[in-house]
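Remarks on the structure that follows.
Each reported figure results from applying straightforward, stated rules to the coordinates on display, with no laboratory input. Worth saying up front: this structure is predicted, and the values here are computed from it rather than measured. Cβ sites come from the backbone with ideal geometry, for glycine too, and all protein chains shown count toward neighbours.
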Amino acid sequence: MSNPANGGLFDRSHYAATLEPLVNARTLPAWCYTDPKFHHREVDRCFRPNWHFVGHESEIPAAGDYISADLVIGPVVVVRGSDRELRAFANTCRHRGARLLEAGQGSCKAISCPYHSWTYNLSGELRGAPSMNEVPGFDRAEWSLIGLRLGRYEGFLWVSANDAAPDLEEYLGDFADRFRCYDFAAMRVVRRETYDVPCNWKVLAENALEDYHTGTVHAGSLGQQHSESVESTGNWCALHMPQETSIAVLPGETAPFPHIPTLEGEAAEGTFFTMLYPNTQFACTQDCMWCVTFHPLGPERTEVRVAFCFPEATAARKGFAADVEKYFHRWIIGIEEDNGIGPVQQQGLRSSSSVPGPYGPREFTVHKMNQWIVRTVIDG
Ligand code: FES
Ligand SMILES: [Fe+2]
């Protein structure tokens with residue numbers, strides 16, 4: 001199915017089949033993964049108004065420590081002030097807009113612009129602006145960094161540029177309580193990885209929400225996985241994969257780390273693959289978790305960012321650095337296999353003959369997320 005004529009792209013009739021119950025439903029039209037106009041509207045409605053995951057507050061423990069990230073809303077920075085408070089700012093200079101801090105993590109005494117050396121303190125106040133005292137009426141107090149909303153959930157940090165967005169707590173809905181037993185506040189990020197993948201962000205997010213592909217794509221590594229649907233309300237969905245032991249090491253390997261002591265119910269008996277809409281996955285198993293975010297760089301390009309996390313007590317164990325290699329090995333294999341199949345799907349979705357297909361019985365969560373996309377992009 002080639003793209004409908006301009007005006008027809010957002011006609012609700014194209015998406016009605018995705019809103020059918022799973023057995024009768026059809027996948028999203030291929031243009032949802034390729035078309036720039038669809039992409040722009042999706043970014044405006046699914047991404048911009050919402051909260052954006054940045055990292056964990058334990059990554060920036062000291063005054064001047066910061067996490068800088070390039071998001072759909074542009075570059076942002078979360079920095080710990082001299083008063084130990086965390087603040088979020090748009091990472092853009094108030095003079096002529098240069099980006100202030102490079103993406104990543106670091107530490108600074110002040111935030112100094114690389115272009116003309118305007119300098120801001122850790123609270124975002126402009127403290128130095130060479131020669132600007134010669135400009136009549138120039139008042140430094142009027143040119144502080146632009147503050148953003150900062151949301152926290154059990155140590156994890158989100159930012160929002162939307163003053164009208166509900167509080168993070170409200171946005172997370174029942175997600176917050178459902179997964180609190182993982183004691184995320186005690187988690188520590190032990191490694192981060194970033195990948196640039198030539199496919200639409202939904203290709204990767206959907207892949208992270210079904211186990212149908214595991215017996216094929218991960219046949220020689222993770223093997224076939226079997227997951228169950230999870231009831232959810234609000235801006236998230238999840239799969240649960242029952243298994244008594246951590247799946248963060250390869251099948252046949254023994255996971256060397258203790259289970260998180262606060263786990264209860266299904267969390268103690270398996271792994272949750274969650275997705276906070278639109279793009280943030282918390283994959284939580286019995287001894288660790290990994291946070292995966294899918295950042296659209298365009299209709300057919302996505303940056304995948306992964307933060308690998310363990311409880312602080314585990315990361316402090318003697319021998320952790322050696323034992324954790326088993327986990328890194330499993331994670332990198334799995335992620336690279338997923339990042340490898342995404343562009344293959346993307347290439348096929350470019351076919352002008354592509355028509356929406358049926359969902360398999362184990363793709364209930366993909367269907368759920370696709371319905372959220374339709375409701376947000378088309379009806380929103
Ligand atoms: S753009 Fe930052 S000082 Fe000029
Ligand atoms: Fe996978």
I want to check a number: in the chain, how many lysine pairs have alpha carbons closer than 30 Å, given a sequence separation of 8 or more or different chains? 5
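Among MET369, MET187, which comes first, then next, by fewest other beta-carbon atoms within 10 Å?
Ranking MET369, MET187 by Cβ neighbours within 10 Å, fewest first, gives MET369, MET187.
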When a/c is below 1.5 the answer is rounded, else prolate if a/b is larger than b/c, else oblate, so apply that to the stretch 52-164 with a ≥ b ≥ c taken from the square roots of the Cα gyration tensor eigenvalues. prolate
With point charges of +1 on the Cβ of Lys and Arg and -1 on the Cβ of Asp and Glu, referenced to the Cα centre of the chain, which listed residue (GLY74, LEU9, TRP51) lies farthest in the positive direction of the dipole? GLY74
Only helical DSSP H runs with n ≥ 4 go in: add -39500 (n - 2.57) per run for the chain, normalise by residue count and round the 222 nm mean residue ellipticity to 500 deg cm²/dmol. -5000 deg cm²/dmol
Using the number of other C-beta atoms within 10 angstrom as an exposure proxy, rank THR271, THR302, THR233 with the fewest first. THR233, THR271, THR302
Using unit Cβ charges (K, R positive; D, E negative) and no other charged atoms, how large, in debye to the nearest 20, is the dipole of the stretch 201-332 about its Cα centre? 480 debye
In the stretch 184-200, which residues have a backbone nitrogen under 16 Å from the label point lying 7 Å from GLN347's Cα in the Cα-to-Cβ direction? 197-200
Among ARG45, ARG317, which comes first, second and so on when ranked by fewest other beta-carbon atoms within 10 Å? ARG317, ARG45
So which GluC sites (Glu not before Pro) in the stretch 291-351 pass both tests, a DSSP loop state and at most 16 other Cβ atoms within 10 Å of the Cβ? none
Gain in length, PHE328 to ALA62, computed as 0.36 nm per residue apart minus the alpha-carbon separation, to one decimal in nm? 93.0 nm
Going by a ≥ b ≥ c, the root eigenvalues of the Cα gyration tensor, does the chain fall in the rounded group (a/c under 1.5), the prolate group (a/b larger than b/c) or the oblate group? oblate
Under unit Cβ charges (Lys, Arg +1; Asp, Glu -1), what dipole magnitude, rounded to 20 debye, does the chain have relative to its Cα centre? 980 debye
Site GLU266, offset 7 angstrom along Cα→Cβ, radius 17 Å on amide nitrogen, limited to the stretch 185-212, gives 209-212
